[in-house]
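The values are calculated or read from the model by the stated rules, or taken from the named source; none is laboratory data. Since this is a predicted model, take the numbers as computed values, not measurements. Neighbour counts are summed over all protein chains in view; Cβ atoms, including those assigned to glycine, are modelled from backbone coordinates with ideal geometry.
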């Protein structure tokens with residue numbers, strides 16, 4: 001069994017005093033045999049040296065990432081830090097982080113960091129929590145595919161680093177005091193843990209019912225839909241016109257052949273002059289695709305549905321949530337609405353402990369038609385891991 005403890009602060013300037021208050025909030029004597037920390041925070045907590053100093057004082061390892069905003073039962077805000085502690089007598093935890101990733105070395109770096117961490121555990125992990133860097137020339141879907149191959153399909157959940165603006169330099173991940181803008185952090189959990197994964201795209205009424213079949217693709221690039229160039233299909237069938245090198249806020253809804261529930265991906269751009277399109281995730285041939293419409297109402301409806309599913313699963317030891325960062329941005333000026341809905345649903349932590357951050361690409365397994373969990377990379381979604 002795992003228990004979840006949360007700590008929150010917005011005090012970044014007086015680091016020594018604030019860290020002391022954080023530690024005083026933790027009843028260290030009540031923690032179980034093994035513990036680990038998971039942090040989401042504003043970049044200021046890294047830049048100021050706060051994270052490095054806090055890690056020196058805590059008696060357990062941690063991983064973390066920057067985010068648009070954070071929330072737990074102790075508070076919520078953009079310029080904040082949320083610390084989640086997982087503690088257990090039965091589980092073993094191990095954290096690790098790759099070296100700086102680039103298009104030449106990411107496969108070896110991910111494989112090496114994972115292998116080193118597994119060797120320190122009693123056996124293979126049952127669950128992995130991972131935070132991806134936000135790198136311009138190395139997409140999250142590509143890292144996700146390699147991570148899935150590396151861990152042989154063991155369920156992993158998490159998200160990519162974000163910030164309060166679009167500056168990649170401020171998107172960092174970290175493992176203990178080591179923070180980087182181009183490294184992948186991971187937490188491997190070994191032992192009897194049975195999480196429930198919840199991922200919600202958007203309400204059915206916001207999904208176009210005209211579906212096409214991907215007839216030619218290459219990883220994240222769709223060349224043809226229904227035997228014609230993908231751009232032409234989107235324009236003539238769905239009324240969507242793409243401009244080269246310009247992202248589209250209209251989401252692509254993907255139904256993989258082996259999975260009933262759809263996955264939502266971003267359409268980044270018209271990929272080439274051949275009429276293909278570039279997406280936020282891998283879309284194999286045979287997949288069924290359409291488009292969806294994101295509105296403030298659909299964001300709140302999907303969050304409401306997501307929290308209803310979280311509560312309906314019956315687990316009460318804690319929930320971690322990493323919805324897409326596009327959601328609070330599109331809710332402006334009411335960017336706190338989704339986070340406040342989560343707080344209301346769990347009654348401020350009285351029903352169950354919780355943490356909320358935001359992700360620049362959501363990592364959440366989904367079940368295929370036979371009930372087997374398949375690791376998937378998502379965009380625009382509401383994503384949760386329930387203990």
Report summary line: Picking from 339, 307, the residue that is touching a helix residue (DSSP H, G or I) at 6+ places or on another chain (Cβ under 6 Å), closer than 27 Å to residue 7 by Cα and in a helix (DSSP H, G or I) would be 307
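Would you please name the residue that is farthest from the chain's Cα centre (by Cα), looking only at residues in the range 343-360 that are under 23 Å from residue 266 (Cβ atoms) and modelled with pLDDT of 95 or more?
The first filter runs over the range 343-360 and keeps only residues under 23 Å from residue 266 (Cβ atoms), leaving 356-360.
Subset that is modelled with pLDDT of 95 or more: 356-359.
Numbers: 356: 11, 357: 9, 358: 7, 359: 5 Å.
Out of the qualifying residues, it is 356.
Residue-by-condition table, conditions (1) surrounded by 21 or more Cβ atoms within 10 Å (Cβ to Cβ); (2) at pLDDT 95 or above:
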site: 37; (1), (2): yes, yes
site: 48; (1), (2): no, no
site: 63; (1), (2): yes, yes
site: 89; (1), (2): no, yes
site: 103; (1), (2): no, no
site: 107; (1), (2): no, yes
Query raised in the report: For the range 278-292, does any single residue satisfy the condition of being crowded, with 22+ Cβ neighbours inside 10 Å, touching a helix residue (DSSP H, G or I) at 6+ places or on another chain (Cβ under 9 Å), farther than 22 Å from residue 206 by Cα and not assigned by TED's automatic domain parsing to the domain that holds residue 159?
Result: yes
Report summary line: Per the filter on the range 266-285, residues under 17 Å from residue 382 (Cβ atoms) and either at pLDDT below 85 or not in a loop (DSSP other than H, G, I, E, B) (or both) are 266
Query - Matching option when the condition is surrounded by fewer than 16 Cβ atoms within 10 Å (Cβ to Cβ) and touching a strand residue (DSSP E or B) at 6+ places or on another chain (Cβ under 8 Å), among 313, 364 - result: 313
Query raised in the report: If we keep just the residues of the range 175-199 that are in a strand (DSSP E or B) and at pLDDT below 95, which is surrounded by the fewest Cβ atoms within 10 Å (Cβ to Cβ)?
Result: 178
Query - Enumeration of residues in the range 243-265 that are under 21 Å from residue 137 (Cα atoms) and either surrounded by fewer than 22 Cβ atoms within 10 Å (Cβ to Cβ) or modelled with pLDDT under 90 (or both) - result: 243, 244, 245, 246, 247, 248, 249
Requested in this report: Counting only residues that are within 18 Å of residue 171 (Cβ to Cβ), under 18 Å from the mean Cα position of the chain (by Cα) and in the same structural domain as residue 195 (by TED's automatic domain parsing), give me the strands (runs of 3 or more DSSP E) lying completely in the range 1-107 with at least 3 of them.
Outcome: 34-41, 62-66
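Hey, can you tell me all the residues within the range 125-140 that are modelled with pLDDT under 95, buried (at least 22 other Cβ atoms within 10 Å of the Cβ) and out of contact with any helix residue (DSSP H, G or I) (no Cβ under 7 Å at 6 or more places or on another chain)? Full working, then the answer.
Taking the range 125-140 and keeping what is modelled with pLDDT under 95, we get 134-140.
Now narrow it down to the ones that are buried (at least 22 other Cβ atoms within 10 Å of the Cβ): 134-135, 139-140.
Result: 135, 139, 140.
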